[in-house]
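S.K.: Let me give you the structure first, and then I'll get to my questions.
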Amino acid sequence: MKDIIKAIETASVEIKKIIDLGDTSKSENENSTGDTQLKLDIASDVVIEKIFSEIPSIKAIVSEEQDSIVNLHEDGEYLIAYDPLDGSSLVDVNLSVGSIYGIYKNEFNAQNIIGAVYVVFGPRVEMVVALDNSVKMYRLYENKFNFIQDVKLNEKGKINATGSTQMNWAPFHKKLVNDMFNDGYYLRYSGGMVPDLHQILLKGGGLFSYPATTDKQKGKLRQLFEVFPFALVYEFAGGGAVDGFKRVLEVETTHIHDTTPCFFGSNEEIKRVLEVYKNHG
Ligand code: FBP
C-alpha cells in the first residue's frame, strides 16, 4: 500500500504542474458518459496511468476518463478506480479542484473498497488518506507531503453544501435544505466535490448533498470514482454517507460508470436526511 500512496504523491506533484501551466480548453474527445473532456483531464489521466503502470502491487485500474478497465500486473493485489481531476472545469476560474482514488480488492464494488485517497489542488496542495479506520491529512511543501493532522468529524456541523439543479429537486428535498438554512446552517458550495467535502471535514461537519433529481434520477456523481471513496473517508472520520435510504457503501454496482444519489456528513445531518427520505422511498 505504501508504494501506491507514494505513486499518488508523485502523480500529484506532476498534476500540480499541469494545472499551473496546462491548457484549460476543451479537447475533441468525449468520455464514456458523454462529457466533453478537457485537455487537463486527459493530461492528468495520462500521468496517473503511466505512474500506476510501474507499481507491481496494482492489478488493474479504471479511470473516470476511460471506457474500460486496464489490466496492469497479473499478480497485483489491488484495483484502483480514480477521477484524475474532478471539477476540472473550475481551473480556468481558479477555483480548487481535486483527484480522487478508490482502492479496492478482488472486485470494483462498494463491499470491496479498502482505502481511499483524495488530493485537493487549492491555495495549498493537501492529500487525505483513509486507511485502517483512520483519516490522515498531509500537505505538499517543496515536493514532499508532510503529515499535518488526523481528521475527525464532530457529531453535528454548520455547513450545508447543496449540489444539483434546484428546479429539479423533489419538494421534500427542497424542504430539507431550507429547514437546515432556517436552523442556521450556512451555504458553502463551489461546484467542486473535492474542496466542498474537504471543507466540511476540516470545519467539523455539516452536509453535502447531490440527490436524485427529476432530470437525473440516479444522481450525477459516479459510484466507483467519486462516491465510494468519499463514503469511506466520511465513515472512517466518524460521520456517514447515504443514498437517502441506506449506507452508500451498500449500493450495488452493475456498470463501472454507474452513478448514485449521495449525502455525506456528520451523524446528526445524516440522520436528518434518512428521517426525511424514509417517507419518500
Ligand atoms: P466531473 O466529474 O465531470 O468534474 O463532475 C463532478 C462535479 O464537478 C463535482 O465535482 C461537483 O460536486 C458536481 O459535479 C457539480 O455538479 P452541479 O454543477 O450539477 O452541482
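All of the numbers you see were taken from the coordinates with simple rules; none came from a lab. Bear in mind the structure is a predicted one, so any value in this text is a computation, not a measurement. Positions of Cβ are backbone-derived with ideal geometry, glycine not excepted, and every protein chain shown enters the neighbour counts.
S.K.: Count neighbours as other Cβ atoms within 10 Å of each site's Cβ, and list the GluC sites (Glu not before Pro) in the stretch 101-149 that are DSSP loop with at most 12 such neighbours.
M.R.: Values: sites: GLU107, GLU126, GLU142; in loops: GLU107, GLU142.
Answer by residue number: GLU107, GLU142.
S.K.: Can you work out the FRET efficiency for the pair ASN154 and ASN112, with r the C-beta to C-beta distance and R0 = 35 Å, to the nearest 0.05? Walk me through the intermediate numbers first.
M.R.: On the way: r = 30 Å, r/R0 = 0.85.
In this case the efficiency is close to 0.75.
S.K.: On C-alpha positions alone, give me the angle between the axis of helix 193-202 and the longest principal axis of the chain, in degrees, nearest 10.
M.R.: Taking Cα atoms only, the helix is inclined about 70 degrees.
S.K.: Expressed as a fraction of 2.2 N^0.38 Å, the rule-of-thumb size for a compact globular protein of N residues, what is the C-alpha radius of gyration of the stretch 22-150? Mind showing how you got there, number by number?
M.R.: On the way: Rg = 15.2 Å, N = 129, 2.2 N^0.38 = 13.9 Å.
With N residues counted in the stretch 22-150, Rg over 2.2 N^0.38 Å equals 1.09.
S.K.: Past 23 Å, Cα to Cα, is the threshold; run LYS6/LYS136; LYS158/LYS271; LYS105/LYS271 against it and keep the listed order. Present the calculation step by step, with values, prior to reporting the outcome.
M.R.: Working: LYS6/LYS136 15 Å; LYS158/LYS271 15 Å; LYS105/LYS271 30 Å.
Distance filter (> 23 Å) returns LYS105/LYS271.
S.K.: Helix 267-277: angle to the longest alpha-carbon principal axis of the chain, degrees 0 to 90, nearest 10?
M.R.: Rounded to the nearest ten degrees, it is 60.
S.K.: What is the magnitude of the charge dipole of the chain about its Cα centre, with +1 placed on the Cβ of each Lys and Arg, -1 on the Cβ of each Asp and Glu, and no other charges, expressed in debye to the nearest 20?
M.R.: Details: 29 positive and 40 negative charges, 219 e Å.
Value, rounded to 20: 1060 debye.
S.K.: In the stretch 179-255, which trypsin sites (Lys or Arg not before Pro) are in a loop and have at most 16 other Cβ atoms within 10 Å, using DSSP for the loop call? Please list the in-between numbers first.
M.R.: Values: sites: ARG188, LYS203, LYS216, LYS218, LYS220, ARG222, LYS246, ARG247; in loops: ARG188, LYS203, LYS216, LYS218, LYS220, LYS246.
Taking the stretch 179-255 and a limit of 16 other Cβ atoms within 10 Å, the loop trypsin sites (Lys or Arg not before Pro) found are LYS203, LYS216, LYS218, LYS246.
S.K.: So what is the relative contact order of the chain, in percent, for Cα pairs below 8 Å that sit 6 or more residues apart? Walk me through the intermediate numbers first.
M.R.: Numbers: 628 pairs, mean separation 42.4, N = 281.
Contact order relative to length: 15 percent.
S.K.: For LYS26, which lysines qualify as cross-link partners when the Cα separation must be under 23 Å and same-chain residues fewer than eight apart are set aside?
M.R.: Excluding near neighbours in sequence, the set is LYS16, LYS17, LYS39, LYS50, LYS220.
S.K.: Over the chain, what number does the Rg to Rh ratio reach, with both radii from the alpha-carbon atoms and Rh per Kirkwood?
M.R.: Ratio of gyration radius to Kirkwood radius: 0.95.
S.K.: Separate question: Using the alpha-carbon atoms, what tilt in degrees (0 to 90, nearest 10) does helix 171-182 show relative to the longest principal axis of the chain?
M.R.: For 171-182 against the chain, the angle is about 90 degrees.
S.K.: Under a plain spin-label model, where a point goes 7 Å from the Cα along Cα-to-Cβ, how far apart in nm are ALA170 and LYS136?
M.R.: Inter-label distance under the simple model: 4.0 nm.
S.K.: So, one more: Under the 0.36 nm per residue contour assumption, what length would be gained going from the current alpha-carbon distance of VAL93 and THR214 to full extension? Could the numbers behind the result be given before it?
M.R.: Values: separation 121, 0.36 × 121 = 43.56 nm, distance 2.89 nm.
Between VAL93 and THR214, full extension yields 40.7 nm more.
S.K.: Here's a follow-up. Cross-link partners among aspartates and glutamates for LYS175, C-alpha distance below 16 Å, same-chain residues fewer than 8 apart left out?
M.R.: Qualifying aspartates and glutamates at Cα under 16 Å: ASP183, GLU269, GLU275.
S.K.: Sticking with this one: Which of these, GLY98, GLY115, GLY184, has the largest mean-square fluctuation under a Gaussian network model of the chain (Cα springs below 10 Å)?
M.R.: Answer for the Gaussian network model of the chain: GLY184.
S.K.: Please order HIS173, HIS73 by the number of other Cβ within 10 Å, starting at the fewest. Intermediate results must be reported in sequence, preceding the final value.
M.R.: Numbers: HIS173 23, HIS73 16.
So the residues, fewest neighbours to most, are HIS73, HIS173.
S.K.: One-quarter of the Cα convex hull surface for the stretch 219-266, in nm²?
M.R.: Details: hull surface 11.7 nm².
With the hull built on Cα positions only, its mean projection is 2.9 nm².
S.K.: If each Cα of the stretch 14-58 is one equal point scatterer, what is log10 of I(q)/I(0) from the Debye formula at q = 0.26, 0.30 Å⁻¹?
M.R.: Evaluating at q = 0.26, 0.30 Å⁻¹ gives log10 I(q)/I(0) of -0.91, -1.01.
S.K.: Cβ under 12 Å from VAL251's Cβ, VAL251 left aside: what net charge do those residues give with Lys, Arg +1 and Asp, Glu -1? Mind showing how you got there, number by number?
M.R.: Values: positive: LYS218, ARG222, LYS246, ARG247; negative: ASP243, GLU250, GLU252, ASP258.
Summing Lys/Arg as +1 and Asp/Glu as -1 gives 0.
S.K.: Under 19 Å from the 7 Å Cα→Cβ point of SER25, by amide nitrogen: which residues of the stretch 52-95?
M.R.: What the label zone holds, given the 19 Å backbone N cut-off, is 88-94.
S.K.: Could you check which residue among LEU187, LEU232, LEU207 shows the biggest mean-square fluctuation in a GNM of the chain with a 10 Å Cα cutoff?
M.R.: Comparing LEU187, LEU232, LEU207 in the GNM, the peak value goes to LEU187.
S.K.: Okay, moving on. Fewest first, what order do HIS198, HIS257, HIS280 take by the number of other Cβ atoms within 10 Å? Spell out each step's value before the answer.
M.R.: Details: HIS198 23, HIS257 17, HIS280 11.
Ordered from fewest to most neighbouring Cβ atoms within 10 Å, HIS198, HIS257, HIS280 come out as HIS280, HIS257, HIS198.
S.K.: If each residue's Cβ is checked for other Cβ atoms within 10 Å, how do MET127, MET167 rank with the fewest at the top?
M.R.: Taking fewest neighbouring Cβ atoms as first place, the list is MET167, MET127.
S.K.: What net charge do the residues around THR33 carry, taking every other residue with its C-beta under 9 Å from that of THR33, with Lys and Arg at +1 and Asp and Glu at -1?
M.R.: Result for the neighbourhood of THR33: -2.
S.K.: Give me the net charge of GLU268's neighbourhood, meaning all other residues with Cβ under 10 Å from the Cβ of GLU268; Lys, Arg count +1, Asp, Glu -1.
M.R.: On the way: positive: LYS156, LYS271, ARG272; negative: GLU155, GLU269.
Overall, the nearby charge balance is +1.
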